[in-house]
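Enquirer: Handing you a structure now.
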Amino acid sequence: MRTVRTVAELREALGGAGSGSALSGGAPSGTVGFVPTMGALHEGHLSLLRAARAAHDTVVLSIFVNPTQFNEQSDFDRYARDEGRDARLAEEAGVDVLFAPEVSEIYPEGFCTSVSVGGRLTEVLEGAERGRGHFDGVATVVSKLLIAVRPDAAYFGEKDYQQLLVVRRLVADLGLPVRIVGCPTSREPDGLARSSRNVRLSAEARERAGTIPRVMAEIAERVRAGAEEIEPLRAAAAEALGRAGVEVEYLAFVDPDTLETVADLAAPTRLAVAARVDDVRLIDNRLLTPPDTKR
Ligand code: PAF
């Protein structure tokens, strides 16, 4: 595995590999799979790397804690950073190139461009809670990374479901020559979605956080059994989460493609949750499928 810090080194390390290289006249030499991350690698990231490894000649991992997508400075400051550990895990996972740029490489002096995905996709859920700037930060850095790496495919976890939709929209709107692959959420044995933030939970809070996937699984079960009314499900979930000391920011039932709020659960619906356990903010989502769903 080669670690590179600049886009010039990255391009040199990749030689003719990747979709963009062929488009710009270079001789293609194999496909590139790309996994963008902010480091603090866990099993969820490793599952993305495995998917990329299985499908591509070259695998690129980026580690960049992007300052522009954090709405709370304290969250950015506390974000776990351990490049040595991440590099070891990346090498074991078969990564060929680790791109770990400094902030000045991504946002050089005078940088003043922002990529902004408009519309409902970025206004609701995380957009409403964290402010528009969050997805502008994500869209801008993902654009820069895709332009730098020029992968054939980029891998994103469904845990950040709204982010996945925003990235798909961005890539479609800008006509970027990359396939976006969404991968299933990786979960702990009790169902908690794996996240770099989970390590900040105390043992006691970690226990209580398990209520989130439990409540979501119960809702999914009731919808599979034919429940169509949202309010009774929402009320029962809010009650169970409240009892566990989990502070709900949103518990939303939305259209899986548009994120429009749905009126009932007669069609497949995304359940999206954001909640705080003590001072740790967690998000999760899952598809609710009514009986006899084809999709
Ligand atoms: O999901 C993440 O880790 C980040 O939002 C991403 C896609 C690497 C952009 O900074």
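The values are calculated or read from the model by the stated rules, or taken from the named source; none is laboratory data. Note that the structure is a prediction, hence the values are computed from the model and not measured. Cβ sites come from the backbone with ideal geometry, for glycine too, and all protein chains shown count toward neighbours. Accessible surface areas use protein heavy atoms only, side chains included; no ligands, DNA or RNA. Shrake-Rupley method; radii C 1.70, N 1.55, O 1.52, S 1.80 Å.
Enquirer: For Thr140, which of the numbered conditions (1) of a type in the set (S, T, N, Q); (2) in a loop (DSSP other than H, G, I, E, B); (3) buried (at least 20 other Cβ atoms within 10 Å of the Cβ) fails to hold?
Expert: Against the list (1) of a type in the set (S, T, N, Q); (2) in a loop (DSSP other than H, G, I, E, B); (3) buried (at least 20 other Cβ atoms within 10 Å of the Cβ), Thr140 comes up short only on (2).
Enquirer: For the stretch 66-111, what are the residues that are open to solvent by less than 60 Å² (accessible area, probe 1.4 Å), without any contact (Cβ under 8 Å) to a residue 40 or more places away in the chain and farther than 20 Å from Gly133 by Cα?
Expert: Scanning the stretch 66-111 gives a single hit, Gly84.
Enquirer: Restricting the first residue to the stretch 143-164 and requiring it to be within 17 Å of Thr58 (Cβ to Cβ) and within 11 Å of the ligand (Cβ to nearest atom), which pairs with a second residue that is of a type in the set (Ser, Thr, Tyr) and modelled with pLDDT of 95 or more meet a Cβ separation below 8 Å and a spacing of at least six or different chains?
Expert: Close Cβ pairs (under 8 Å, with a partner that is of a type in the set (Ser, Thr, Tyr) and modelled with pLDDT of 95 or more) amount to Leu145/Ser62.
Enquirer: Tell me whether the stretch 92-103 contains one or more residues that are in a helix (DSSP H, G or I) and over 18 Å from Ala148 (Cβ atoms).
Expert: yes
Enquirer: Let me confirm something: among Val59, Val115, Val65, which residue is among the β-branched types (Val, Ile, Thr), assigned to a loop (DSSP other than H, G, I, E, B) and within 21 Å of Lys159 (Cβ to Cβ)?
Expert: Going through Val59, Val115, Val65 in turn, the sole match is Val65.
Enquirer: Under 8 Å between Cβ atoms, which residue pairs at least 6 apart in sequence (or on different chains) link something in the stretch 177-205 that is under 30 Å from Asp152 (Cβ atoms) and free of Cβ contacts under 8 Å to residues at least 40 places away in the same chain with a partner that is among the hydrophobic types (A, V, I, L, M, F, W, C) and assigned to a helix (DSSP H, G or I)?
Expert: Ile180/Leu164; Ile180/Val167; Ile180/Val171; Gly182/Leu164
Enquirer: Is it true that Arg194 is under 18 Å from the mean Cα position of the chain (by Cα), open to solvent by 20 Å² or more (accessible area, probe 1.4 Å), more than 13 Å from the ligand (Cβ to nearest atom) and closer than 23 Å to Leu125 by Cβ?
Expert: Numbers: under 18 Å from the mean Cα position of the chain (by Cα): yes; open to solvent by 20 Å² or more (accessible area, probe 1.4 Å): yes; more than 13 Å from the ligand (Cβ to nearest atom): no; closer than 23 Å to Leu125 by Cβ: yes.
The answer is no for Arg194.
Enquirer: Okay, moving on. Report the residue count in the stretch 151-167 for those that are in contact with a helix residue (DSSP H, G or I) (Cβ under 9 Å, 6 or more places away or on another chain) and either open to solvent by 40 Å² or more (accessible area, probe 1.4 Å) or not hydrophobic (A, V, I, L, M, F, W, C) (or both). Quick ask: steps written out before the conclusion?
Expert: At the first step, the residues of the stretch 151-167 found to be in contact with a helix residue (DSSP H, G or I) (Cβ under 9 Å, 6 or more places away or on another chain) are 151-160, 162-167.
Filter again for either open to solvent by 40 Å² or more (accessible area, probe 1.4 Å) or not hydrophobic (A, V, I, L, M, F, W, C) (or both), leaving 151-152, 155, 157-160, 162-163.
Total meeting the criteria: 9.
Enquirer: Would you say Gly39 is at positive phi, in contact with a Leu (Cβ under 8 Å, 6 or more places away or on another chain) and part of a loop (DSSP other than H, G, I, E, B)?
Expert: It is false that Gly39 is at positive phi, in contact with a Leu (Cβ under 8 Å, 6 or more places away or on another chain) and part of a loop (DSSP other than H, G, I, E, B).
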